[in-house]
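The values are calculated or read from the model by the stated rules, or taken from the named source; none is laboratory data. Keep in mind that this is a model prediction, so the values were computed, not measured. Because the Cβ atoms are built from the backbone with ideal geometry, glycine has one as well, and the counts that use them run over all protein chains shown.
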Amino acid sequence: MTLDTRILGTTGPRVSALGLGCMGMSALYGDADRTESIATVHAALEAGVTLLDTGDFYGMGHNELLIGEALRTAPAARREQALTSVKFGALRGPDGAWSGYDGRPAAVRNFAAYSLQRLGVDHIDVYRIARLDPDVPIEETVGAIAELVEKGYVRHIGLSEVGAETIRRAAATAPIADLQIEYGLITRGIEREILPTLRELGISVTAYGVLSRGLISGHFSADRQLAANDFRAHSPRFQGDNLRHNLTLVESLRKIAEQKGVSVAQIAIAWVLAQGEDIVPLIGARTRERLTESLGALDVVLDADDLAAIEAAVPADAAAGERYAPAAMAHLDSER
Ligand SMILES: NC(=O)c1ccc[n+]([C@@H]2O[C@H](COP(=O)([O-])OP(=O)(O)OC[C@H]3O[C@@H](n4cnc5c(N)ncnc54)[C@H](OP(=O)(O)O)[C@@H]3O)[C@@H](O)[C@H]2O)c1
């Protein structure tokens, strides 16, 4: 099977119009089923998804090992089409605590060496630091990745959660394929300055949080119990009155979805797909059922009236609560 494709930036790879974000298969959304996770990666590859997104810190290497196993056990033709997008730089403690970011060139080479080994590949397709290291100029971090590109260990350079000034400095150092950043119906911050900057420079977006981590998927309810290690148990948007308010937005969206005979998640994904050919949603499906639902968004056609109705139901600044808790917000160069 083939899916619609989009190109990352002016120099990056051609990828499926939806990428599979594998984070939840190892971390941050409570327990995941390993067998079902690998079956989901296989089903995605079979359906024509070519972009697999991970981070070396998702479960401290667990996610890369899982993707490595999925690639090893996939049919050769599917494995050869798969492109890996890997984030590095987040520092963790044995208890899982987050303790900053390391973008020093020696650290970049070290992180890459371990990722190649865990993934079982001879190159990474798109490599990026997860957050700006405030102590290391972006030129040095990007320069170190550019050296890995020269040596054939990395194909393309990406960025993650950085703002317009950092994007310009990075792009002046080496070609940048994409910025990975949160973007969706209730997370519209990039539209003001970041997206115009990316378009000026010919850099694409790989969008995460398109479903706002499940909040606007249509499957989330106020009575859902979240484990203490679930990101959403601490996310402002999932707390008390904020959650109740945000779920009313979902109900408005549900009316539109029902009129079109599709699901809420499909409307939310299709809306992001409709914002430009330079945007590739990364979907955090970790079961085949969620994957199938997400891929269905590629068949949803939204005309101008649909888009207007969606924006009226969920205006740009409608969400209650920030997208991260304060300590994590402080690491976002994109929010400065
Ligand atoms: N660069 C960064 O800073 C950054 C940050 C976060 C994530 N990411 C990347 O982006 C990827 C996607 O992010 P995300 O997981 O937060 O985004 P998401 O797709 O907004 O949220 C995934 C969550 O939505 C739920 N969901 C409900 N219906 C779904 C459907 N039809 N398809 C998929 N999920 C559905 C899943 O639920 P269940 O509970 O049913 O599984 C899962 O908990 C990650 O896997 C990761 O690779 C990058």
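Surrounded by fewer than 22 Cβ atoms within 10 Å (Cβ to Cβ) and touching a Leu at 6+ places or on another chain (Cβ under 7 Å), is that true of PHE238? Walk me through it before giving the result.
Working: surrounded by fewer than 22 Cβ atoms within 10 Å (Cβ to Cβ): no; touching a Leu at 6+ places or on another chain (Cβ under 7 Å): yes.
For PHE238, the condition - surrounded by fewer than 22 Cβ atoms within 10 Å (Cβ to Cβ) and touching a Leu at 6+ places or on another chain (Cβ under 7 Å) - is not met.
Quick check on this structure: which one of ILE203, ILE124, ILE190 is within 15 Å of the ligand (Cβ to nearest atom), surrounded by 23 or more Cβ atoms within 10 Å (Cβ to Cβ), within 30 Å of GLY321 (Cβ to Cβ) and touching a residue at least 12 places away in the same chain (Cβ under 8 Å)?
Details: ILE124 fails: within 30 Å of GLY321 (Cβ to Cβ); ILE190 fails: surrounded by 23 or more Cβ atoms within 10 Å (Cβ to Cβ).
Sole residue among the options that is within 15 Å of the ligand (Cβ to nearest atom), surrounded by 23 or more Cβ atoms within 10 Å (Cβ to Cβ), within 30 Å of GLY321 (Cβ to Cβ) and touching a residue at least 12 places away in the same chain (Cβ under 8 Å): ILE203.
So that you can scan it fast, the table gives a plain yes or no per residue for (1) out of contact with any strand residue (DSSP E or B) (no Cβ under 8 Å at 6 or more places or on another chain); (2) touching a residue at least 40 places away in the same chain (Cβ under 8 Å); (3) in a loop (DSSP other than H, G, I, E, B); (4) not hydrophobic (A, V, I, L, M, F, W, C):
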{"residue": "THR10", "(1), (2), (3), (4)": "yes, yes, yes, yes"}
{"residue": "LEU28", "(1), (2), (3), (4)": "yes, yes, yes, no"}
{"residue": "THR40", "(1), (2), (3), (4)": "no, yes, no, yes"}
{"residue": "ALA44", "(1), (2), (3), (4)": "no, yes, no, no"}
{"residue": "LEU52", "(1), (2), (3), (4)": "no, no, no, no"}
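Among the residues of region 274-288, which ones are over 14 Å from the mean Cα position of the chain (by Cα) and more than 8 Å from the ligand (Cβ to nearest atom)? Spell out how you get there, then give the answer.
Let us first name the residues in region 274-288 that are over 14 Å from the mean Cα position of the chain (by Cα), namely 274-278, 287-288.
Residues satisfying the conditions are ALA274, GLN275, GLY276, GLU277, ASP278, ARG288.
Out of everything in region 152-162 that is surrounded by fewer than 21 Cβ atoms within 10 Å (Cβ to Cβ) and under 19 Å from GLY89 (Cα atoms), what residue ends up being nearest to the ligand (Cβ to nearest atom)?
If we filter region 152-162 for residues that are surrounded by fewer than 21 Cβ atoms within 10 Å (Cβ to Cβ), which is where we start, we get 152-153, 155.
Those still in the list that are under 19 Å from GLY89 (Cα atoms) too: 153, 155.
Details: TYR153: 21, ARG155: 18 Å.
The residue in question is ARG155.
Check VAL301 against each of (1) assigned to a helix (DSSP H, G or I); (2) away from the ligand (no atom under 11 Å from the Cβ); (3) β-branched (Val, Ile, Thr) and name the one condition it does not meet.
The one condition VAL301 does not meet is (1).
Quick one: in region 15-70, of everything that is near the ligand (Cβ under 9 Å from one of its atoms), within 14 Å of the chain's Cα centre (by Cα) and small (Gly, Ala, Ser), which residue is nearest to LEU273 (Cα to Cα)?
Checked region 15-70; the qualifying residue nearest to LEU273 (Cα to Cα) is GLY19.
Within region 21-59, which residues are surrounded by 24 or more Cβ atoms within 10 Å (Cβ to Cβ) and touching an Asp or Glu at 6+ places or on another chain (Cβ under 7 Å)?
GLY21, CYS22, THR54
Tell me the residue from LEU332, LEU273, LEU249 that is of a type outside the set (Val, Ile, Thr), under 27 Å from THR40 (Cα atoms) and either at pLDDT below 95 or surrounded by 18 or more Cβ atoms within 10 Å (Cβ to Cβ) (or both), please.
On the way: LEU332 fails: under 27 Å from THR40 (Cα atoms); LEU249 fails: under 27 Å from THR40 (Cα atoms).
The conditions single out LEU273.
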